[in-house]
Amino acid sequence: LDVGAGIGRYVRHLRMAGVDAHGVDGIPGVSNFTQGLVQEHDLVRPFAAPCRQYDVVSSLEVGEHIPFHRQHDFLSNVNCSCHPTRCVLLLSWAPPGQFGSGHINTRHARELHWALTANYSCVGTRSFFGCEAAARTRSFGFRYDWNATMHMRARTKLSYMRPNLMVFRRRRQPRSFSPDEGDSERFWQRIRAGRLAAP
């Protein structure tokens, strides 16, 4: 599944290669415009329940166009579409300073690492890093695949996408924090300042 598929170029290419690929985008009329190749759905409104689950989900240079107060809804749809045990997620998200039209929610890679791999996620906050207990919800349950990320980046020809591309896989056990790590404000300050890598 390609989330934010636009006019469906990736979907069309994958289908030509024999892959059972699907696309979804919020562009009004995109289903008619692409002759059904891409289905129309607002990416921040919940996908139909139960979600159709895929072995591979991609969302490339889409998240930066999603308002920050809806980013959790967007990631929830991506998460919902991923098979719970064997999904691979290909994600790229423009960082602050990247040129582009409609970039209203640029994010550093370390923030995305946190959002997808932490043992809880944050709802209704501007930051992905840490939040009050009332804003916490179930984790997305991914782990970052460094080797696959480097492999994909080395083969990506789009220079603006190469440094943003990341690969995540489902984890079998949720990550757990040490007692002094989970709510330590000093810990979060070090991450925000870039002095400590996000988990």
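The values are calculated or read from the model by the stated rules, or taken from the named source; none is laboratory data. Just so it is clear, the structure is predicted and the values come from calculations on it, not from any experiment. Methodologically, a virtual Cβ is constructed for each residue, glycine included, from the backbone with ideal geometry; neighbour enumeration extends over all protein chains shown. For the accessible areas, the whole protein counts, side chains as well, though only heavy atoms, and no ligand, DNA or RNA atoms are used. Shrake-Rupley method; radii C 1.70, N 1.55, O 1.52, S 1.80 Å.
Annotations for the structure displayed:
- Sparse-neighbourhood loop sites, chymotrypsin sites (Phe, Trp or Tyr not before Pro) in the stretch 37-130 - DSSP loop, at most 12 other Cβ within 10 angstrom: 99
- Taking all protein chains into account, the per residue accessible area for the stretch 35-155 stands at 50 Å² (1.4 Å probe).
- J(HN,Hα) series, the stretch 41-57, from Karplus relation 6.51 cos²θ - 1.76 cosθ + 1.60, nearest Hz, glycine and proline x: 6, 4, 6, 10, 9, x, 5, 3, 9, x, 4, 6, 10, 10, 6, 9, 10
- Length gained on full extension, residue 133 to residue 161: 6.6 nm, using 0.36 nm per residue less the C-alpha separation.
- Amide H to amide H distances under 5 Å link residue 23 with 2, 39, where only residues 5 or more positions off or on other chains count and H is placed in the peptide plane.
- 25, 20, ranked by accessible area, largest first (probe 1.4 Å): 20, 25
- Cα centroid of the stretch 1-68 to Cα centroid of the stretch 133-169, whole Å: 18 Å
- Sparsely packed trypsin sites (Lys or Arg not before Pro) within the stretch 52-102, loop by DSSP, other Cβ within 10 Å at most 15: 52, 86
- Here's how it looks for residue 82: its modeled amide H is under 5 Å from those of 54, which are all 5 or more places away or on a different chain.
- Heavy-atom accessible surface of residue 104, to the nearest 10 Å², is about 110 Å², with a 1.4 Å probe and all protein chains retained.
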